[in-house]
1. Which whole-Hz couplings ³J(HN,Hα) result when phi for each residue of region 247-258 is put into the Karplus expression 6.51 cos²θ - 1.76 cosθ + 1.60, θ = phi - 60°, listed in order with x for Gly and Pro?
2. Compute the Rg/Rh shape ratio of region 157-226: radius of gyration over Kirkwood radius, all on alpha-carbon atoms.
3. Pull up all non-local amide H partners of residue 54: gap of 5 or more, or a different chain, and H-to-H distance under 5 Å with H placed in the peptide plane.
4. Using alpha-carbon positions, what is the distance between the centroids of region 26-65 and region 125-164, in Å?
5. Relative to 2.2 N^0.38 Å, what does the C-alpha radius of gyration of region 58-108 come to as a ratio? Two decimals please.
6. Counting helices only, and only those DSSP H runs with n ≥ 4, report the 222 nm mean residue ellipticity of the chain as the sum of -39,500 (n - 2.57) divided by its residues, in deg cm²/dmol to the nearest 500.
7. For the charge dipole of the chain, defined by +1 on Lys and Arg C-beta atoms and -1 on Asp and Glu C-beta atoms about the Cα centroid, which residue among 59, 228, 248 has the Cα displaced farthest towards the positive pole?
8. I need 114, 194, 45 ordered by Cβ neighbour count within 10 Å, fewest first.
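The numbers here are math on the coordinates, done by the rules we state, and not lab data. None of the values given here were measured: they were computed from a predicted structure. Virtual Cβ from ideal backbone geometry, glycine too; neighbours counted across all protein chains shown.
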Amino acid sequence: MPYQDIRLELRGSHKEVAVVRLTRSAKRNALNDGLIATLRKIFEEMPASVRAAVIDGEGEHFCAGLDLSELKERDAGQGLMHSRSWHAALEKVQYGPVPVVAALHGAVVGGGLELASACHIRVADDSTFYALPEGSRGIFVGGGGSVRIPKLIGVARMTDMMLTGRVYNAADGERAGFAQYLVPAGEAFDKALELALRVAQNAPLTNYALMHALPRIAEQSADHGFFTEAMMAGIAQSAPEAKQRVRAFLDGKAAKVKKG
Ligand code: 1HE
């Protein structure tokens with residue numbers, strides 16, 4: 001489908017996986033206002049067949065973050081609104097219609113890391129590196145990074161990255177919590193697609209619960225969390241699809257859990 005600097009492709013036998021690829025490799029997939037608006041639109045208007053998505057970047061790098069050439073034109077009020085426009089777009093990624101797998105390689109920096117952290121699963125290849133150069137550019141994160149990144153790696157690591165310009169390589173990054181999967185260079189997209197195809201087979205209500213209930217429960221007190229969990233569990237298990245899946249297992253027709 002024709003979008004500027006982003007390509008949307010549907011994969012899978014039922015077009016159940018959307019591949020959203022940043023195609024601005026000449027600028028290392030730096031995110032300008034147009035790209036942020038398009039990203040939002042794509043997740044708002046996801047075709048009904050789609051059950052999971054993959055985000056990746058063309059070229060040597062996943063994403064170089066904010067397009068710095070647009071930064072110099074903004075005053076304080078415009079800067080605030082600009083940050084809010086990122087929040088609105090990345091909210092559509094995190095709390096949109098389907099789980100999103102990020103396929104990471106090369107630079108995952110600044111706003112690129114903010115985009116990756118709005119996804120539900122991150123697969124990194126060996127070429128990946130993570131940084132928050134905002135600290136050394138005299139600015140601050142503005143794409144939700146101060147909320148989402150500490151949930152992955154903790155406040156202390158993020159503070160260190162921004163104060164000192166520390167760059168994490170792929171292996172250290174996986175240990176720190178940036179990515180759930182680490183694969184050889186060049187294999188992140190294939191692994192991400194494999195996972196997205198797998199995620200797309202889940203009952204939609206289970207995926208919905210994982211995307212929308214789990215992060216909210218994590219923000220609640222234990223008492224409220226247990227209550228929300230019980231309500232979500234009751235709703236999920238009452239769905240006809242859940243009953244069918246449990247019945248299939250009891251009838252010996254569904255896969256057992258195998259040792260990893
Ligand atoms: C850009 C950008 C960009 C590249 N905005 N134009 N992000 C940063 O501070 C990261 C800045 N970028 C880099 O450090 C490097 O470009 C990379 C490590 C990502 C890649 O290096 P390399 O050697 O492969 O590419 P390059 O030669 O540096 O860049 C190629 C072109 O892309 C070049 O333009 P050209 O016209 O001279 O060819 C670069 O200027 C351009 N380019 N990155 C604009 N970011 C919501 S708030 C979020 C706040 C932030 O994200 S701040 C962090 C911004």
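1. 4, 4, 5, 5, 8, x, 9, 10, 5, 7, 6, 10
2. Here Rg/Rh amounts to 1.09.
3. Excluding prolines and chain starts, which carry no amide H, the hits are 18, 19, 20, 101.
4. Value for the Cα centre distance between the two parts: 20 Å.
5. 1.40
6. Working: 12 runs with 119 residues, N = 260.
So the helix-based figure for the chain works out to -13500 deg cm²/dmol.
7. 248
8. Going from least to most buried by this count: 45, 194, 114.
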